[in-house]
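Read through the structure below, which is laid out as structure tokens, and then see the notes.
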Amino acid sequence: MPEVLRPHPPLDPRWLQLLSERCADLRGGGARFEDLYIEQRLESRAVATNGELQVEECRTDGAAARWRSPSRVVLHARTGLSTAGLGELLGRHADRVALPPVRTLQTVEMDPPRGWLDWAREVTSRLGPAPSTVRFLSRRAAVVRVGEWAPVASPPIVRVERGGERPAALLAVWGQPRLGAWLQELAEPEPTKAWEPTPGMQLPVLFTCGTAGALMHELVGHLAESDLFVTGASPLAGLLGATVSTVGLEIVDDPTRIDLAGGFDYDDEGVGAAPIHLVRAGRLEGLLCDREGAEQLGTTPGRGRRAAWNRPPVARLSNLVIAAGKVPPEEIEADLEHGLVVTRVGGATVDPVSARTVLRVECGWEVRNGRRRRPLAPCELTGSVVEILAKIDSRIGADPTPDWRLGWCIKDGAPLPTGSEAPSLLVQRLEVL
């Protein structure tokens, strides 16, 4: 695993400390100053069309100040990080305060790593004639609160998008050891003859190759976020402390796994990163909270994440890690009389009204008497959240695998990078849509 990244903060650390001390003098007419979020972002994009590669680069920076009153939270945002601009931003909701007069700007630029463009050119050539895009994404940020500040360090990530009739995408940390193998999987042609299961069929489904991470991302990760618990929109609301699955199931949300795309060392509210046990021995044990949700639910914050500097932080998961078991996945598959093996999932959703999930399966196999018989055509599988968790088999695979297809997680229209690692899991019954 690579070392934890410690990028430079967006502004001089000494100036940020002085600024945090000056913020103690802010007065907002009955509102309390919450934090000042400062961010710089870099996106380098290589677009391949008709054999030609075009390179684009976008650098953005900005800041947002939050104020909290008994009845609401107010966020003001602006582009640019000049001293005058930050003073104007803070002055929108407060009496003006004298900012530190001198600020030493960082001399280290945010640039793509050396060799990135050659790598992007090689990747697009491997993906064939279909249009494709390779992106390098990096950010550095800081959260300033009264008397303290924290740098927000997250690993740079790459996103590879393949167009054509069957578009696909990959999201991974730059330098991830498995990146080469994942790119090879992304470039593999789709099977020409595939079996389409009949809608309404109910079959056991074995999720392999890390695809159980996408399943648990929806069933546990999202549904353990504090805003859904506070409003009662989560099907898991009211089950905290209850046994929801097999006693062998252990699920942790772990932002300290910086080899996965959702890693960070501080969240976007300045809370230090720490793993949170969501499910222990099959029992729903933890929640994912931003500062507001933690106050309402009486638990620990640390998952306040922002889609951009001009968006407020909300409770979001980071990297969902499911503990491996001791059973070889081949042994679980060999016991299937008739079922499905899923090797790639394109995405999943949960309907908060019906509490049912829908999984978009891209690749897999039909299994008869323990043998893979025919490749599986793209299809959708469904089931109720609580029932799926209850029907997870007690045999858990000994093959922890990161999933490169999880990619961007979109909630309320706001995308964020997330990651997962999961062993093979057998769900005893799912329905084909």
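How many residues does region 36-61 hold that are crowded, with 20+ Cβ neighbours inside 10 Å and on the phi > 0 side of the Ramachandran plot?
Going through region 36-61 one residue at a time, the tally reaches 0.
Given the residues Gly213, Gly302, which is the only one that is within 25 Å of Ala77 (Cα to Cα) and within 18 Å of the chain's Cα centre (by Cα)?
Gly302
Would you confirm whether or not region 331-344 contains a residue that is at pLDDT below 95 and within 21 Å of Leu170 (Cβ to Cβ)?
Looking through region 331-344, at least one residue is at pLDDT below 95 and within 21 Å of Leu170 (Cβ to Cβ).
So Ala398 fits all but one of (1) hydrophobic (A, V, I, L, M, F, W, C); (2) buried (at least 23 other Cβ atoms within 10 Å of the Cβ); (3) touching a residue at least 40 places away in the same chain (Cβ under 8 Å); what number is the exception?
Ala398 satisfies all of (1) hydrophobic (A, V, I, L, M, F, W, C); (2) buried (at least 23 other Cβ atoms within 10 Å of the Cβ); (3) touching a residue at least 40 places away in the same chain (Cβ under 8 Å) except (2).
Quickly run through region 12-52 and pick out the residues that are within 17 Å of Ala63 (Cβ to Cβ), not aliphatic (A, V, I, L, M) and not in a helix (DSSP H, G or I).
Asp12, Gly28, Phe33, Glu34, Asp35, Tyr37, Glu39, Gln40, Arg41
Taking region 341-357 as the region of interest, how many residues are in a loop (DSSP other than H, G, I, E, B) and of a type in the set (Asp, Glu)?
Total satisfying the criteria: 0.
Quick one: would you say Arg257 is buried (at least 23 other Cβ atoms within 10 Å of the Cβ), touching a residue at least 40 places away in the same chain (Cβ under 8 Å) and over 20 Å from Thr349 (Cβ atoms)?
The answer is yes for Arg257.
Filtering region 239-280 down to residues that are part of a loop (DSSP other than H, G, I, E, B) and among the charged types (D, E, K, R), which residue is farthest from Leu416 (Cα to Cα)?
Glu250
The rows are residues; the columns are (1) assigned to a strand (DSSP E or B); (2) among the hydroxyl-bearing types (Ser, Thr, Tyr); (3) in contact with a His (Cβ under 9 Å, 6 or more places away or on another chain); (4) under 29 Å from Pro191 (Cα atoms).
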| position | (1), (2), (3), (4) |
| --- | --- |
| Gly339 | yes, no, no, yes |
| Leu359 | yes, no, no, yes |
| Gly364 | yes, no, no, yes |
| Ser394 | no, yes, no, no |
| Cys409 | yes, no, yes, yes |
| Leu416 | yes, no, no, no |
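The values are calculated or read from the model by the stated rules, or taken from the named source; none is laboratory data. Small disclaimer: the values here were computed from a predicted structure and weren't measured. Cβ atoms come from the backbone with ideal geometry, glycine included; neighbour counts cover every protein chain shown.
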